[in-house]
Every structure is written in structure tokens, then in C-alpha cells.
Amino acid sequence: MVSLTMLRAVKITPKLVVRFAFLPFRKVRNPCLYCPGICIASCPTYLSSGNILLSPIGYARFHDIAREKCLKCWRCVQECPLGYNLPETYSKPVKISLRIVRPGRLILVADEEIDLQLAEHLSESLGTGLAVVKGVAERYNNGSPIEYKTLKKAKRVLSGAELAVACSPEVSHALGIDFLGIHLKDLGIKLNYEGPIHIPCLLKSQREKLLKSLEDAGVRPTFVDEEECIKLSIKENYLYLCPIAKKHGVRTIFDLISY
């Protein structure tokens, strides 16, 4: 783990942040190259290793390393004053496609690689519609932007539904739609759990909505972990919201759903 002493080596002051914010970024292709590391303390791989190469500072310069080592958790983007999408710069744009498998007023949206089997079961049990998107997993595996035309088309396909919710944080983040965990009441989902829970990296900005929805559904959090990344470490006694956590054999909200 990196120490506070090491973090202080990056001396981030209000003056420095202001100077950075006023750089002529219209002429700058990669603002990370001019940044002293404002986001560095949010990067899981840097905090774990203490290696500056395994931080946004390193990833911005060495994309081969970034494709392999960066977790594509978007934590650096959340901390960046400019909201610069560094994880989108590692690979070429990815084309996504979306199809409606089962129409409905309320539609669950799943990626065919991340959570399709889970979403199929949920959709049948809850009596909702189902849509399947292809390409989202590639975005978060390789670090790619989504080709705008294909994103626009996918959103247009979903526009006929009264409510479309994602079964995974990745689909929620990529398509700009709400995560299932925010609409537990709308879906008639009840949960019974008391203990520590984990907030997904991609959903940190929706923390309060998530917690309220979970509590209304019957979850009683004793501790909320929003610092660890599931791609780096797993805790067996925590409740996770990410479908990919099931691959690690830990408990997820999908294991607790009763209808």
C-alpha cells in the first residue's frame, strides 16, 4: 500500500488546481500530461502498488500498460476537475448494438458478456421486458470510447420503454441509464440483509440514491465501502451490487432477491 508520505510528494494546492483548470485545453489532446496527479489518491492500482507507472500519470503516457493494468474504474475521471475520460483513450472506439428480446413497459438491460444469464432469469421472474447490448464489456476491458452513432441508436431503441434499468454498473455507466439497485421498489424487489455493503466504482456518484433504495428494500448496512475496487480485491463477508462479483463466489444483491 502507498503511504501518506508518498501521496504528499504530489503537492496539490488550490493555486495549482486553478492554474491547471485554466490551461488552454482546446489545444491540448491529453490534459493528464500537464497534471501533477490531482486524481492519484483515488487510483486503486497506485494505492495498492505505490508505483507511479500504475497510476493515471503512467497510464496517460503508456497505453499498452494501461490496457493491461488499469482497472477502468473511472475513479480518476470522478476526481478530475475537467472530467477527462482517460480510460477511454487506451483503445479504438467500440461499436455497441442493442436489441429488444422481450418488450415491456419496464425493461431490464444486460450486456451479453457481463450479465445476460442473470438478467434473463430476473426478467422472467419479475415479468419485465429484456434488452441485450453487445460491446459494453469490451469498453471496460480495453478502455475504449463508444462510437457515438451506435450509442445514439441504442438509446433510441430503448426510448419506447417507460423505464429502462441496467443490471450491471457497466451498462448503467455506458448507456447513461439507472442501475437496477436504484429502482428496487419499482421492480417489487425485497431484500433481507444486515452487514457491510460495497458501492461499485462506476456508481459512486449515485451513492445516496443507492443507499436509500437498498434500505427501503430491506438492507441494513453496518458499513459502506466505496473505496475498494472489486477488480482488485474481494471481501467475503460483504454484499456486492456488481454481477461480476458472482464469479468470485461472494454474495450479491441478486442472490438475495425474493419476489
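The values are calculated or read from the model by the stated rules, or taken from the named source; none is laboratory data. Treat the numbers as computed from the prediction; the structure is a model and nothing was measured. Heads up, the Cβs are rebuilt from the backbone with ideal geometry, glycines too, and the neighbour counts pull from every protein chain shown.
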**Asked** Is one or more of the residues making up the stretch 148-157 basic (Lys, Arg) and either on the phi > 0 side of the Ramachandran plot or in contact with a Ser or Thr (Cβ under 9 Å, 6 or more places away or on another chain) (or both)?
**Response** yes
The helices (runs of 4 or more DSSP H) lying wholly within the stretch 113-189 that contain at least 2 residues that are outside the structural domain of ALA66 (by TED's automatic domain parsing) and farther than 17 Å from ILE257 by Cβ are 136-142, 148-158, 169-175
Query raised in the report: Does ALA66 satisfy the criteria of being in contact (Cβ under 8 Å) with a residue 40 or more places away in the chain, crowded, with 16+ Cβ neighbours inside 10 Å, under 25 Å from GLU226 (Cα atoms) and assigned by TED's automatic domain parsing to the domain that holds ARG156?
Result: no
Within the stretch 228-245, the count of residues that are over 14 Å from the mean Cα position of the chain (by Cα), surrounded by 16 or more Cβ atoms within 10 Å (Cβ to Cβ) and not aliphatic (A, V, I, L, M) comes to 1
Scanning the stretch 84-143 residue by residue, those touching a helix residue (DSSP H, G or I) at 6+ places or on another chain (Cβ under 7 Å) and of a type in the set (Lys, Arg) turn out to be LYS95, ARG102, ARG139
Exactly one of ALA137, ALA131, ALA174 is more than 26 Å from CYS32 (Cα to Cα) and surrounded by 18 or more Cβ atoms within 10 Å (Cβ to Cβ), and that residue is ALA131
All-but-one check, ARG207 against (1) assigned to a helix (DSSP H, G or I); (2) closer than 24 Å to THR128 by Cβ; (3) of a type outside the set (Phe, Trp, Tyr); (4) within 17 Å of the chain's Cα centre (by Cα), failing number (2)
Of the listed residues (SER123, SER205, SER159), the one being without any contact (Cβ under 8 Å) to a residue 24 or more places away in the chain and surrounded by fewer than 15 Cβ atoms within 10 Å (Cβ to Cβ) is SER159
Check: Is it true that some residue in the stretch 148-156 is under 19 Å from the mean Cα position of the chain (by Cα) and charged (D, E, K, R)?
Finding: yes
All-but-one check, SER91 against (1) within 23 Å of ASP64 (Cα to Cα); (2) surrounded by fewer than 17 Cβ atoms within 10 Å (Cβ to Cβ), failing number (2)
Note on the stretch 208-226: residues farther than 19 Å from ASN237 by Cβ, charged (D, E, K, R) and in contact (Cβ under 8 Å) with a residue 12 or more places away in the chain are LYS209, ASP216
